[in-house]
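Structure, as structure tokens:
The values are calculated or read from the model by the stated rules, or taken from the named source; none is laboratory data. Computed from a prediction, not measured in an experiment: that's the story for all the values here. FYI the Cβ positions are ideal-geometry reconstructions off the backbone, even for glycines, and counts take in every protein chain you see. Just so you know, the surface numbers come from the protein's heavy atoms only, side chains and all, with ligands and any DNA or RNA stripped out. Shrake-Rupley method; radii C 1.70, N 1.55, O 1.52, S 1.80 Å.
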Amino acid sequence: ARLKKSLAKTRQNITEKVERLIKTSRRIDDEFFEELEEILIQADVGVSTAMELIDNLRRAVKQKKITEVDEVRGLIKQEVVSIMEGSDAPLNKAPEGPTVIMVVGVNGVGKTTTIGKLAYRFKREGKKVIIAAADTFRAAAIDQLQIWAERVGADLIKHQEGADPGAVVFDAVNAAQARRADVLIVDTAGRLHTKTNLMEEIAKVKRVIQRTYADAPHEVLLVLDATTGQNAISQANLFKQVTGVTGIVLTKLDGTAKGGIVIAIAKELDIPVKLVGIGEGLEDLRDFSAEEFAEALFS
Ligand code: GDP
């Protein structure tokens, strides 16, 4: 119910339009499918994904010999679930020792907030959490992380603004060992100065982690802002080139009418969506479930 509520704007943009189309269409014909495709594309489902969805839907309608427009509703939901199949997965865990999670993404997408929420989730599970403030370029990011860390009861390892991110991570890894941490969350720079810079910085952070924990990081979470729609896809493609991304966190689903982007991301990126942000509060981070998402959208 909470997810459905946070998808209110997207529901206005997709669900209500689909409902209107269903109510005003007399039969399931080309025009119906074309209008449906248009609705999906406008809600940021993406052209290729929308086309594929419609093709699958056409096939399903034919196969099931559906003639009543009303019956299409359930089929749409099924096709949305099936096109997103395999796109959700739980967070990876270290078999032993601390689970190391690197968090990457462009500034402003909600990286800091997501780290705070994640730390909170682990603290609630009774885990010892250390956060490394390795985005040393922004003093504000370090301060923000400090506030989150204090709020949730996690330790923060930080240096001065402008310090070497590698040095911060080195200290954080040592602290994780000394304090027997269960989880180490590493913030990284989100300044898209040049791709090479970003790549080098992220690679360096990774190397420092791997000097101590060879199988780490266990997750490289890419944070994407749902309100940026199709832009999120290009950011994801960039970060895929920069570093190995193991999971996506899609933030601000609550604030956007472009929630269709979830379907595009699930279908086009070949990286599981692990978490979604549905608000600014500590508890507003959810495991992503494709089924739950489709259910919240089309019921
Ligand atoms: P960063 O620059 O990537 O570290 O971004 P921040 O974590 O500072 O977040 C930028 C803004 O987005 C802040 O005002 C956050 O409160 C807000 N924000 C982050 N995640 C969410 C979310 O899931 N929903 C909403 N509504 N706001 C969010």
Can you tell me which residues in the range 58-71 are surrounded by 15 or more Cβ atoms within 10 Å (Cβ to Cβ), in a helix (DSSP H, G or I) and at pLDDT below 95?
V69
Taking the range 7-21, which residues are in a helix (DSSP H, G or I) and either of a type outside the set (S, T, Y) or without any contact (Cβ under 8 Å) to a residue 24 or more places away in the chain (or both)?
A8, K9, R11, Q12, N13, I14, E16, K17, V18, E19, R20, L21
Take V69 and decide whether it is more than 16 Å from the ligand (Cβ to nearest atom), in contact (Cβ under 8 Å) with a residue 40 or more places away in the chain, closer than 17 Å to Q146 by Cα and not hydroxyl-bearing (S, T, Y).
no
Cβ-Cβ under 8 Å pairs, at least 6 apart or on other chains, the range 249-269 side farther than 23 Å from M51 by Cα and polar (S, T, N, Q), far side open to solvent by less than 40 Å² (accessible area, probe 1.4 Å) and assigned to a loop (DSSP other than H, G, I, E, B):
T251/V109; T251/G110
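Rundown of residues vs (1) at pLDDT 95 or above; (2) in contact with a Pro (Cβ under 9 Å, 6 or more places away or on another chain); (3) not hydrophobic (A, V, I, L, M, F, W, C), yes/no style:
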| site | (1), (2), (3) |
| --- | --- |
| V169 | yes, no, no |
| N197 | no, no, yes |
| R207 | yes, no, yes |
| Q210 | yes, yes, yes |
| A216 | yes, yes, no |
| G229 | no, no, yes |
| S234 | no, no, yes |
| T243 | no, no, yes |
| K252 | yes, no, yes |
Criterion: surrounded by fewer than 14 Cβ atoms within 10 Å (Cβ to Cβ) and either touching a residue at least 12 places away in the same chain (Cβ under 8 Å) or over 30 Å from I185 (Cβ atoms) (or both) - qualifying residue of D55, D88
D55
Check every one of the helices (runs of 4 or more DSSP H) wholly within the range 230-299 and list those with 1 or more residues that are in contact with an Asp or Glu (Cβ under 6 Å, 6 or more places away or on another chain) and away from the ligand (no atom under 16 Å from the Cβ).
290-297
What are the residues in the range 150-175 that are more than 26 Å from the chain's Cα centre (by Cα) and either open to solvent by less than 20 Å² (accessible area, probe 1.4 Å) or under 23 Å from A139 (Cβ atoms) (or both), if any?
H159, Q160, E161, G162, A163, D164, A167, F170, D171, A175
For R180, indicate whether it is open to solvent by 70 Å² or more (accessible area, probe 1.4 Å), within 24 Å of the chain's Cα centre (by Cα) and charged (D, E, K, R).
no
Might you check whether a residue that is away from the ligand (no atom under 16 Å from the Cβ) and either open to solvent by less than 70 Å² (accessible area, probe 1.4 Å) or out of contact with any helix residue (DSSP H, G or I) (no Cβ under 6 Å at 6 or more places or on another chain) (or both) occurs anywhere in the range 133-141?
no
Return yes or no: is G105 at pLDDT below 95 and closer than 29 Å to G46 by Cα?
no
